[in-house]
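Reviewing the structure listed below.
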Amino acid sequence: MNTITMDAPTVQRAMAATDIITWTIKSVGNPEYGQARTANAFMDFDATDADVFTIFTDWTRKFEVFLYDKSTTVLGYTARSYGVLNSAYLGFDYNTDRLDVNSYNPQNMSSRIQVWAGSQTRDIAISTHGVNNPMGLMKLILSPATNPRTPDSGNLSYTSKWQDYQFN
Amino acid sequence: MFRVAAALNTAKGLYYINWGKDETRQNGATKDSYHPPPKTMVEVVAKVTNKYQFSVDVLQTAIPIGTTSVPIRIYVSNAPATDATLNLSLTSGANTNLTINPVTLTFSPDMNEKYFEITIDSKYDTTVSTQSIAFSITGTDRDVFSISSPYGFTITTQPANDTDKNAGSITSWGVSTPNRTSASITPSVD
């Protein structure tokens, strides 16, 4: 989905019919959420394509793309993009529906859950994304756990007294 | 709906919730329908003294001697993470003719309201027409909670006549024949 333009190479390299350009994109998991991208009206060196950026609602952060020449005579990359120039992005769609917790938005961390030590929050809603998305399952059970990267020493606890984390 | 509780000694900071999911699909569906919710940020704020306050419903009428009050609600917007116990005692000291039941109310997670009753014996001396209950808070999370104390209530003599003493009963609902837009009901009470 990305257009990358390159400066003209200093050494001519004639592409033959047998040359193959291979794009290898590694370690792109099924993302939890993406970044919003909009093209700025001016002074936006890496994101000027307002048409492309409306195709997907969610994008990866920018990354650099290298084009390597694997021939024996020329080693190294023959073209590349930069973090500040001609960056690459991957756009993606959610292949399944989304669920919201407390309407939390991970892009800007709005509507995060706040809890004061020694107390419990009020009831926090878990909902499908948008009012026009009713539950499309017989039953859905969610299970929360503290992320191991932010260990809580067992101090945080989660309860769902009335629904037991079930949608049905 | 769910709730997050942070124990009293939780270090302040940002934590994330990972969500797992278990789908029971509609008949015939072969693929999962939902992403799990994204990792959800939980901001834990260090203990704040008197962060939440218990409220007590006020009795609308005096309690006649020889009766028990309606259950009186004590409630709080956010429950304790572990426990907080309210201890109820008569401000003027123990009185055999006035009973508070129960005298301790323990709030724990997922518990936002509890009730107590005041029983006035018929031998109570009504020249002392006002009494009050003093609250104290104990328990693990006691510092996080506060309550306005004392809680006053009034006591009155028994009504002189039976019609004031006993609950009325409805002898007739007096329902008229309703039409498309209205119906009138005129209950008769004995």
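Checked against (1) in contact (Cβ under 8 Å) with a residue 12 or more places away in the chain; (2) out of contact with any Phe, Trp or Tyr (no Cβ under 7 Å at 6 or more places or on another chain); (3) over 30 Å from B:ALA7 (Cα atoms); (4) surrounded by 10 or more Cβ atoms within 10 Å (Cβ to Cβ), B:SER132 meets all criteria but (2).
When segment B:49-88 is filtered for residues that are under 13 Å from the mean Cα position of the chain (by Cα) and outside any loop (DSSP other than H, G, I, E, B), the ones remaining, listed by number, are B:GLN53, B:PHE54, B:SER55, B:VAL56, B:ILE72, B:ARG73, B:ILE74, B:TYR75, B:LEU86. Of the set (1) outside any loop (DSSP other than H, G, I, E, B); (2) more than 25 Å from B:ALA5 (Cβ to Cβ), all apply to A:ARG61 but (1). Selection of segment B:13-54 for residues being surrounded by fewer than 20 Cβ atoms within 10 Å (Cβ to Cβ), more than 7 Å from every other protein chain (Cβ to nearest Cβ) and within 30 Å of B:VAL76 (Cα to Cα) yields B:GLY13, B:THR49, B:ASN50, B:GLN53. Taking segment B:138-153 as the range and being within 14 Å of another protein chain (Cβ to nearest Cβ) and touching a Ser or Thr at 6+ places or on another chain (Cβ under 7 Å) as the test, the residues that pass are B:THR138, B:GLY139, B:THR140, B:ASP141, B:ASP143, B:VAL144. Only one of the listed residues (A:PRO148, A:PRO134) is more than 15 Å from B:ARG3 (Cα to Cα), more than 17 Å from the chain's Cα centre (by Cα), surrounded by fewer than 19 Cβ atoms within 10 Å (Cβ to Cβ) and modelled with pLDDT of 85 or more. That residue is A:PRO148. Out of A:THR48, A:THR38, A:THR73, one residue alone is in contact with a Ser or Thr (Cβ under 9 Å, 6 or more places away or on another chain), modelled with pLDDT under 70, not assigned by TED's automatic domain parsing to the domain that holds A:TYR104 and not small (Gly, Ala, Ser). It is A:THR38.
Within segment A:90-128, being within 19 Å of A:ARG37 (Cβ to Cβ), assigned to a loop (DSSP other than H, G, I, E, B) and more than 9 Å from chain B (Cβ to nearest Cβ) holds for A:LEU90, A:ASP93, A:GLN107, A:ASN108. Within segment A:156-168, residues that are more than 7 Å from chain B (Cβ to nearest Cβ) reach partners that are outside any strand (DSSP E or B) with beta carbons closer than 6 Å, at six or more positions or on different chains, in the pairs A:PHE167/A:MET135.
The values are calculated or read from the model by the stated rules, or taken from the named source; none is laboratory data. Because the structure is predicted, anything quoted here is derived from the model rather than measured. Note: ideal-geometry Cβ built from the backbone for every residue, glycine included; neighbour counts use all protein chains shown.
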